[in-house]
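First the structure, in the form of structure tokens, and then the observations on it.
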Amino acid sequence: MVKLIVGHKGSGKTKQMIALANETVDNSKGSVIFINKNSRLMYDLKYSIRVVCMEDFEHITNSDEYIGFIYGIISSDHDIETIFIDSILKHADFSLGDLPEFLTRLKNISKNYGMDFVVSLSADMEEMIGVDFSDYEILN
């Protein structure tokens, strides 16, 4: 399942994701991954959460490469239960127009590999044209 946390900058999305990730890892039998733009949240997350800093992967520049990167993470760990992606619109060259296809691809990965995604989006739902929100769980 793909779960979304939606709202503009400063609305508490990252804080909510950190709390949810820390709670998830406590109840998880598998791995929890937290993908963030930089490493500033590393010390807010429990030590057993694998933190991936996208600044370390500067050559990932579009949604296709990002999906390939996620497949790479999955191929290195077959026990992943949840992948958190904080502020996807701030990673690489993502735009609101990329979201419908990107979220659909995450939904398919979720089904195929039996894992959850939690994605925060810095925009209002009305701005995300083409996204069918009935396919996703909104957490806020």
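The values are calculated or read from the model by the stated rules, or taken from the named source; none is laboratory data. Since this is a predicted model, take the numbers as computed values, not measurements. Glycine also receives a Cβ, built like all others from the backbone with ideal geometry; neighbour counts cover every protein chain displayed. The area values use the complete protein model at the heavy-atom level, side chains included, leaving out ligands, DNA and RNA. Shrake-Rupley method; radii C 1.70, N 1.55, O 1.52, S 1.80 Å.
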Quick calc: nm separation of the 7 Å Cα→Cβ label points for E126 and N112 -> 3.7
State to the nearest 20 debye the size of the charge dipole of segment 84-140 about its Cα centre, where the only charges are +1 on K and R beta carbons and -1 on D and E beta carbons. 260
In sequence order, what are the phi-derived ³J(HN,Hα) couplings for segment 49-58 according to the Karplus relation 6.51 cos²θ - 1.76 cosθ + 1.60 with θ = phi - 60°, rounded to whole Hz, with x for glycine and proline? 8, 7, 9, 10, 9, 5, 4, 6, 10, 5
Solvent exposure of segment 6-140 as accessible area per residue, Å², 1.4 Å probe: 53
Summarise the accessible area of the chain (1.4 Å probe, protein heavy atoms) by the percent that is carbon and sulfur. 47
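Identify the trypsin sites (Lys or Arg not before Pro) of segment 1-38 meeting these criteria: DSSP loop state and at most 13 other C-beta atoms within 10 Å of the C-beta. Intermediate values should be presented prior to the final figure.
Details: sites: K3, K9, K13, K15, K29, K37; in loops: K9, K29, K37.
Hits after loop and neighbour filter: K9, K29.
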Chymotrypsin sites (Phe, Trp or Tyr not before Pro) restricted to segment 1-89 and DSSP loop, no more than 15 other C-beta within 10 Å: Y43, Y47
Yeah, the chain with a ≥ b ≥ c from its alpha-carbon gyration tensor (a/c under 1.5 is rounded, else prolate when a/b outruns b/c, oblate otherwise) is rounded
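Taking the Cα centre of the chain as the origin, how large is its charge dipole in debye, to the nearest 20, when only Lys and Arg (+1) and Asp and Glu (-1) carry charge on their Cβ atoms? Spell out each step's value before the answer.
Values: 13 positive and 22 negative charges, 79 e Å.
Around 380 debye, computed over the chain.
What FRET efficiency do you get for L139 and E101 if R0 is 22 Å and r is their Cβ-Cβ distance, rounded to the nearest 0.05?
Once rounded, the FRET efficiency stands at 0.55.
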Under-5 Å amide H pairs with F34, H placed in peptide plane, nonlocal only: R50, V51, V52, F84
